[in-house]
Amino acid sequence: MAESPVPAELAQTVDSEIAAAQCFLAFLEREQQMLVKGEVDDLLDLVRQKNKVAAELATLAARRSRLLAASGVASDGAGIAAWFAAHPEETGTRDAWSSLLAVATQARELNRVNGELIQERLQSNAQALEALLGSNAAAGNLYGPDGQSAPPSTRRISDSA
């Protein structure tokens, strides 16, 4: 096995990942509240903030991967397990890693539920639009393509056939 990264670097990276993941989780919780209550006006701003934290998480994960690779282990679950096996004294980092995995699991579940809420909202909007367009067509196109009231059709059945 190659030279191990300074354990403090890995510990600091995992701690930073926990902080960012908790922030991401808070954004997901807020997003869920907004979706449930139909408060979508500020959703775009929240998504921007959430995306910044997601980018930070990706940067930290890449740093962790580099540290693990520098010590000769893979950046997957087996690699981190091997790193902990080679560093049994790193109980604080092991506990932090467990905490990170727990927060990541919560975030994954919240993200899944939020995706379902978004799908429901999209379906509801599509049904409302279909209802409007459907009743519009049945009522003789009350509104024109520009959204303005359209006069009733003046077409007549041709009797010249």
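The values are calculated or read from the model by the stated rules, or taken from the named source; none is laboratory data. Model, not experiment: these values are computed from the prediction. Ideal geometry is used to build each Cβ from the backbone, glycine not excepted, and the neighbour counts take in all protein chains shown.
Per-residue answers, yes or no, for (1) in contact with a Lys or Arg (Cβ under 7 Å, 6 or more places away or on another chain); (2) more than 20 Å from Asp95 (Cβ to Cβ); (3) of a type in the set (Asp, Glu); (4) at pLDDT 95 or above:
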residue: Ser4; (1), (2), (3), (4): no, no, no, no
residue: Glu9; (1), (2), (3), (4): no, no, yes, yes
residue: Thr13; (1), (2), (3), (4): yes, no, no, yes
residue: Ala20; (1), (2), (3), (4): no, no, no, yes
residue: Asp42; (1), (2), (3), (4): no, yes, yes, no
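For Val6, all conditions in the list (1) over 30 Å from Leu117 (Cα atoms); (2) surrounded by 14 or more Cβ atoms within 10 Å (Cβ to Cβ); (3) among the β-branched types (Val, Ile, Thr) hold save one; what is the number of the exception?
(2)
Which ones in segment 72-107 are farther than 19 Å from Asp15 by Cα and not hydrophobic (A, V, I, L, M, F, W, C)?
Once the filter is applied, which keeps residues that are farther than 19 Å from Asp15 by Cα and not hydrophobic (A, V, I, L, M, F, W, C), segment 72-107 yields only Gly72.
Scan segment 47-55 and tell me whether some residue there is free of Cβ contacts under 8 Å to residues at least 12 places away in the same chain, closer than 25 Å to Asn125 by Cβ and either out of contact with any helix residue (DSSP H, G or I) (no Cβ under 8 Å at 6 or more places or on another chain) or of a type in the set (Val, Ile, Thr) (or both).
yes
Residue-wise test of (1) under 26 Å from the mean Cα position of the chain (by Cα); (2) surrounded by fewer than 15 Cβ atoms within 10 Å (Cβ to Cβ); (3) of a type in the set (Ser, Thr, Tyr).
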| site | (1), (2), (3) |
| --- | --- |
| Thr13 | yes, no, yes |
| Cys23 | yes, no, no |
| Leu28 | yes, no, no |
| Leu35 | yes, no, no |
| Glu56 | yes, no, no |
| Arg66 | yes, yes, no |
| Ala69 | no, yes, no |
| Pro88 | no, yes, no |
| Ala104 | yes, no, no |
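Looking at Leu117, Leu122, Leu100 in this structure, which one is touching a Leu at 6+ places or on another chain (Cβ under 9 Å), modelled with pLDDT of 85 or more and either surrounded by 11 or more Cβ atoms within 10 Å (Cβ to Cβ) or hydrophobic (A, V, I, L, M, F, W, C) (or both)?
On inspection, the qualifying residue turns out to be Leu117.
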